[in-house]
Amino acid sequence: MTTSMNTMVITKYVGAICGSLLVFLLIATASEMIFDTHSEEVAFIIETPESGGESEAPAETVDVAALVSAADVDKGATVFKKCGACHKVDGSNAVGPHLDGVIGRDKGTVADFKYSGALQKVGGAWDPEALFHFLADPKAFAPGTSMSFAGLPKDEDRANVIAYLESISN
């Protein structure tokens, strides 16, 4: 009696699998009748500009000096709290190098801090213009940098942070 019981169970499983495959075959056949995917006709055409895909509007230039001179140091101190997770302004390094005295300092030259090498490749000194662009997108400014910060998208926030850094650098 156990053998016939096992045979019945196995027959039910095989029947269920065959039935499932039959249902999937019917669905595939019905969808091929509804949706024609082998046609040579074009459903729609997307027009693209012939200028190579570049925007025709010129890039907006920002007067960084004017923004920084009109910036609010107190707001900069508030925005700097995002930077404070990795940077200190007391002369000691943390995850990132200390930022007191950063204005006018050569990029990647803080003693006792191991840089990724990306800032040394950029070279030059930190001025408000360089900081403004670096703070917008650090990875684009210094490709290969190990700094994981995404950047400050607002021009005003960057100018405020730069004004704050200038105030503590003097």
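The values are calculated or read from the model by the stated rules, or taken from the named source; none is laboratory data. A quick note: this is a predicted structure, and the numbers were derived from the prediction, not measured. Glycine gets a Cβ as well: all are built from the backbone with ideal geometry, and neighbour counts include every protein chain shown.
Here are some notes:
- Residue in segment 95-118 that is part of a helix (DSSP H, G or I) and free of Cβ contacts under 8 Å to residues at least 60 places away in the same chain present: yes
- Whichever residue in segment 119-136 is in a loop (DSSP other than H, G, I, E, B) and not charged (D, E, K, R) and, among such residues, is nearest to Cys86 (Cα to Cα): Trp126
- Of all residues making up segment 125-148, the number that are within 18 Å of Tyr115 (Cβ to Cβ), touching a residue at least 24 places away in the same chain (Cβ under 8 Å) and either of a type in the set (Lys, Arg) or buried (at least 17 other Cβ atoms within 10 Å of the Cβ) (or both): 6
- Answer residue from segment 154-169, given it is of a type in the set (A, V, I, L, M) and at pLDDT 90 or above and is surrounded by the most Cβ atoms within 10 Å (Cβ to Cβ) among those: Ala159
- Count - residues of segment 1-52 that are assigned to a loop (DSSP other than H, G, I, E, B) and at pLDDT 90 or above: 0
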